[in-house]
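Structure first, then comments.
The values are calculated or read from the model by the stated rules, or taken from the named source; none is laboratory data. Since this is a predicted model, take the numbers as computed values, not measurements. Cβ atoms come from the backbone with ideal geometry, glycine included; neighbour counts cover every protein chain shown.
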Amino acid sequence: MDSINKIINFVFPPLALYGLFVFYPIYQRLKYIISIYQNLFSENVAGKVVVITGAASGIGEALAYEYGKKGAYLALVDIREEPLFHVAALAELYGSPEFMPIIADVSKPQDCERFIRDMFLHFGRLDHLVTNAGVAPLYLFEDIDDLSKASPAMDINFWGSVYCTFLEKTRGRIVVIASGCGYISSPRLSFYCASKAAVIAFYESIRTEFGSEIGVTIVAPGVIDTEMTRGKFMTKNGELVVDKELRDVQINVLPVESAERCAKAIMRSVCRGDRYLLEPEWIGSVILWKVFCSEVTDSLGRWLLAGSG
């Protein structure tokens, strides 16, 4: 087997590069033609049933309003009761014909099973599932004393999406709110980056398994104006706190996009049936540097970490 791998190592790279050089222009033309069709015949979500997790704030809240404006029925899920009911009421004012606020902890499979069951009993079907709930642990790996305190990042960001998706049995679309951190590593966000990378890998895999039965749109937002970018982080002890000083250290040099603008871009992408969305688009350039010049991006991360103390 070693000899076979040696032959493949010698033959495959030049063949792959040549094939990419020949195929890529054709591929781009086909994508352009398909994009025209998708824009002309984008999905109408009026009357569709949409579940949004993490709907009480940030991108989830903004998406609830965007779906509401387009006339979708909404099942809004969050662990926080008061802000969730406030968002649900506003979504109705924006145009949603009917809403269903549901208090649930997506990190618990029994809660996910309950809200999916209740939603089906109420609406009878599910057209779009938006997995948005998430937390951001922010600390250096060397500072954590008890690794079990880091488990909420995976429980909420990863399993909180999987538990809902496992119960999704109808044709429709899954909208995955991942993160640019799933592609680009960032100091102090090791567990957050790992959880979002797992989310991306998982949904890329099951998209292949689903085929044309269920569409999957993976969204990788950059720095969006949410509770996280306002300083709400999870400490090394597993507690959620608001630390604006640490927020300024972590993202003060990065441009922040409004949740409303991000949600509008997501809606356009979802209705077109896109497979991926990077928002804002310049994140794609950073990912290219990460792939082809990883030493540069790693050094930049170290420089930013050293500069912030």
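Here are some notes:
For every residue, the table says whether it meets (1) of a type in the set (D, E, K, R); (2) touching a residue at least 12 places away in the same chain (Cβ under 8 Å).
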| position | (1), (2) |
| --- | --- |
| Tyr18 | no, no |
| Tyr27 | no, no |
| Gly58 | no, yes |
| Leu63 | no, yes |
| Lys70 | yes, yes |
| Asp78 | yes, yes |
| Leu84 | no, yes |
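- Restricting the first member to segment 211-230 and to residues that are more than 17 Å from Asn132 (Cα to Cα), and the second to residues that are among the hydroxyl-bearing types (Ser, Thr, Tyr), the beta-carbon pairs closer than 9 Å and six or more apart or on different chains are Ile214/Thr170.
- Hey, Ala198 closer than 24 Å to Ile116 by Cα and of a type in the set (A, V, I, L, M) or not: yes
- Residue in segment 32-43 that is exposed (fewer than 10 other Cβ atoms within 10 Å of the Cβ), of a type in the set (S, T, N, Q), more than 30 Å from Lys232 (Cβ to Cβ) and modelled with pLDDT of 80 or more present: no
- Scanning segment 81-123 for residues that are over 20 Å from Leu63 (Cα atoms) and touching a strand residue (DSSP E or B) at 6+ places or on another chain (Cβ under 8 Å) yields Asp118, His122.
- Total residues in segment 7-59 satisfying the condition of being out of contact with any Cys (no Cβ under 7 Å at 6 or more places or on another chain), of a type outside the set (S, T, N, Q) and not in a helix (DSSP H, G or I): the figure is 11.
- Within the span defined as segment 231-238, one or more residues are at pLDDT below 85, closer than 21 Å to Val130 by Cβ and surrounded by 13 or more Cβ atoms within 10 Å (Cβ to Cβ).
- Those strands (runs of 3 or more DSSP E) of segment 87-182 in which 2 or more residues are in contact (Cβ under 8 Å) with a residue 24 or more places away in the chain, under 21 Å from the mean Cα position of the chain (by Cα) and crowded, with 23+ Cβ neighbours inside 10 Å occupy 128-131, 172-177.
- Considering (1) in contact with a helix residue (DSSP H, G or I) (Cβ under 8 Å, 6 or more places away or on another chain); (2) more than 19 Å from Ile177 (Cα to Cα); (3) among the aromatic types (Phe, Trp, Tyr), the lone condition that Tyr67 does not fulfil carries the number (2).
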